[in-house]
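Participant: Before I ask anything, let me first share the structure, which is written out below as structure tokens.
The values are calculated or read from the model by the stated rules, or taken from the named source; none is laboratory data. This structure is a prediction, so every number in the text was calculated from the model and none was measured. Every residue, glycine as well, gets a Cβ built from its backbone with ideal geometry; the counts of neighbours run over all protein chains shown.
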């Protein structure tokens, strides 16, 4: 078929790295010394050191979850990674103060343009630490806090400590324990009662170094009646060796608050992306995860919401695209813990070539609750007969006053569709891209404009690369 | 040179020969019709010219304004100027008609250039009006849940927007009631031009009451066996195909 790349895009957008001299380097491998080094460099309080060391013990004591997850996890050699790298920079408040090599990276990725165009605040993390962090002045005046987690711990311990590790306990899983031991970077956000942040806050996570593990830790608290949208983007260059990204993200929506968390990640295909994300929704609060996973070697991620207060709402909209040699193991968790709580899960996966998608869902509504509702839809699209998709929905609904709906479908982009589209002039890549975008269209319509454009672009890129 | 020229084309599918030394020339400015019984290779001709993978070209040639289209990919044939109105238009879930036609037009532009959105919608709405298609259709998914008549009108809409040099309409009239048939025929007649050649493949003479062809060809067993003007179509309607078969048998 046609080999002409008709979509004129820079498909190597994230695939570059600059040689960088790191002032602080925890070295290769993971031990108590590594953890102590990180905590020393950061000048953390004793309770943080104790928290980290305890987490390291838990990490070592927990087996890999290969009894239910892929054996590919066994190929992660934890002794080969570097766990902390930084230039020792404080996050700059002015773009001009960002070190030149880091600035060049983010300029190439288009960060400053995005900030000017539509964001209320930006944080840009380079390997282990934030290099740039800035928020519009009017938001600081209203008491909004948006800083890196390192700064958050130092400057706002009274709020940080109250919620930190409460939604996702250290021992939740092996990788949340790992993150708790060596976390660095990520965002700390606090929105005061009643403050509605209209424009999104964005963080951009960039891995620059080889054999590196990025372990950002994000904590977002929306106080009563507050609203915020947070978006994260991620890239890494294509190195020969594997890279590990293992984040923990905790959200807390107090009474009547709304948090929307959007991820569009485009990891290169050597990245193990093992992320734990969960939110806690109090009375009448709403937490919505929009999660788009493109790229990586293996992604395991199941954003969840604990619906703790009466009338709380939780939603996960997820799109996963597994290209050749990639495995997207994604899904959602909805834990209903109060009456009249509702949850909605819509998951769409696309598998191309040898790509593999797995959906894992967990919906739990205990017997004593009333008026709870869940809707789960998972649709899979296969392109090419070698691709594979599995669905493991675990829905536990007890009691007579609760309702649940579950629908699943698998469809294929067929040769006649591609022929029809090509007969109208589209080359094979464009034809597949249009079919894939059609498949996810009803979901993408719910995304903010800028992100649906970005997602479409990434899919075009992926489809263009998959033919030919 | 200014024609769609098919010479001694032999085409097979799964090693079964369908087109047998098929030859036909359609100069720009003319409308030709192919009629024939079921299974005689009419749709094979359309799909083989469009470059469908399932069809193997065993020998022969097909050129469009002198350009060899058999050597081209499906999308290249399309952009070179051949449009195929499908007998069974395909559903593309989630892709709106407006975006679909826009993508088709964009594929014809040089890299980096984009469609002027205002002019595009103006033209789209005016063509839709001519074809009696409600404006709400622009946001509906391509062919999904359309009635037979809606699908066929949508094919003609695409043809009108793309403005190909040569059009092949593969049984566009099948499954249409008389009102839809008239609208589709009007759409095709509107496309008639000195700069365009049109091939109408049909089972039924009734379409030719509305699209009056310059030539009518009867196709049997993979090739054209008899050609004439519109009166030939009327004769077929009246007498069926058997008399032509007998005629051929007699001349062999």
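Participant: Somewhere in region B:103-113, is a residue in contact with a strand residue (DSSP E or B) (Cβ under 6 Å, 6 or more places away or on another chain), buried (at least 20 other Cβ atoms within 10 Å of the Cβ), within 8 Å of another protein chain (Cβ to nearest Cβ) and modelled with pLDDT of 95 or more?
Facilitator: Within region B:103-113, none of the residues are in contact with a strand residue (DSSP E or B) (Cβ under 6 Å, 6 or more places away or on another chain), buried (at least 20 other Cβ atoms within 10 Å of the Cβ), within 8 Å of another protein chain (Cβ to nearest Cβ) and modelled with pLDDT of 95 or more.
Participant: Working only within region B:232-242, note down all residues that are exposed (fewer than 12 other Cβ atoms within 10 Å of the Cβ) and in a helix (DSSP H, G or I).
Facilitator: B:238, B:239, B:242
Participant: Which one is nearest to residue B:92 (Cα to Cα) among residues in region A:440-452 that are within 20 Å of the chain's Cα centre (by Cα) and assigned to a helix (DSSP H, G or I)?
Facilitator: A:440
Participant: Return only the number of the condition from (1) out of contact with any strand residue (DSSP E or B) (no Cβ under 8 Å at 6 or more places or on another chain); (2) more than 24 Å from residue B:49 (Cβ to Cβ); (3) surrounded by fewer than 18 Cβ atoms within 10 Å (Cβ to Cβ) that residue B:190 does not satisfy.
Facilitator: Going through the list (1) out of contact with any strand residue (DSSP E or B) (no Cβ under 8 Å at 6 or more places or on another chain); (2) more than 24 Å from residue B:49 (Cβ to Cβ); (3) surrounded by fewer than 18 Cβ atoms within 10 Å (Cβ to Cβ), residue B:190 breaks only (2).
Participant: Restricting attention to strands (runs of 3 or more DSSP E) lying wholly within region B:154-229, give those where 1 or more residues are more than 14 Å from chain A (Cβ to nearest Cβ).
Facilitator: Answer list for region B:154-229: B:197-202, B:215-220, B:223-228.
Participant: Test residue A:455 against the stated conditions and say whether it is at negative phi and either part of a helix (DSSP H, G or I) or away from chain B (no Cβ under 11 Å) (or both).
Facilitator: So residue A:455 passes the test.
Participant: Another question, if that's okay. Filter region A:429-439 down to residues that are more than 7 Å from chain B (Cβ to nearest Cβ) and in contact (Cβ under 8 Å) with a residue 24 or more places away in the chain and give me whichever is nearest to the chain's Cα centre (by Cα).
Facilitator: A:436
Participant: For region A:274-297, give me each residue that is modelled with pLDDT under 95 and over 10 Å from the mean Cα position of the chain (by Cα).
Facilitator: A:294, A:295, A:296, A:297 - these are the residues of region A:274-297 that are modelled with pLDDT under 95 and over 10 Å from the mean Cα position of the chain (by Cα).
Participant: Further question: Please indicate, with yes or no, whether at least one residue in region A:285-294 is touching a strand residue (DSSP E or B) at 6+ places or on another chain (Cβ under 8 Å), within 21 Å of residue A:175 (Cα to Cα) and surrounded by fewer than 24 Cβ atoms within 10 Å (Cβ to Cβ).
Facilitator: Checked against the condition, which is being touching a strand residue (DSSP E or B) at 6+ places or on another chain (Cβ under 8 Å), within 21 Å of residue A:175 (Cα to Cα) and surrounded by fewer than 24 Cβ atoms within 10 Å (Cβ to Cβ), region A:285-294 yields at least one hit.
Participant: Are there strands (runs of 3 or more DSSP E) fully within region A:131-227 with at least 3 residues that are under 21 Å from the mean Cα position of the chain (by Cα), within 27 Å of residue A:266 (Cβ to Cβ) and without any contact (Cβ under 8 Å) to a residue 60 or more places away in the chain? List them.
Facilitator: Qualifying strands (runs of 3 or more DSSP E): A:145-148.
Participant: Also, quick follow-up: Give region B:30-66 a look and list any residue that's closer than 26 Å to residue B:194 by Cα and over 14 Å from the mean Cα position of the chain (by Cα), or say none.
Facilitator: Result: B:61, B:62, B:63, B:64, B:65, B:66.
Participant: Shifting gears a bit: Of all the residues that make up region A:256-271, how many are surrounded by 22 or more Cβ atoms within 10 Å (Cβ to Cβ) and over 21 Å from residue A:446 (Cβ atoms)?
Facilitator: Looking only at that region, the number is 2.
Participant: Could you check region A:440-452 and list, in sequence order, the residues that are within 11 Å of chain B (Cβ to nearest Cβ) and within 20 Å of residue A:229 (Cα to Cα)?
Facilitator: Scanning region A:440-452 gives A:443, A:444, A:445.
Participant: Moving on to the next point. Would you mind listing the strands (runs of 3 or more DSSP E) fully within region A:347-437 where at least 3 residues are closer than 30 Å to residue B:69 by Cβ?
Facilitator: Ranges flagged: none.
Participant: Only one of B:82, B:70 is under 27 Å from residue B:16 (Cα atoms), within 12 Å of chain A (Cβ to nearest Cβ) and in contact with a strand residue (DSSP E or B) (Cβ under 9 Å, 6 or more places away or on another chain); which?
Facilitator: Of the residues listed, the single one that is under 27 Å from residue B:16 (Cα atoms), within 12 Å of chain A (Cβ to nearest Cβ) and in contact with a strand residue (DSSP E or B) (Cβ under 9 Å, 6 or more places away or on another chain) is B:82.
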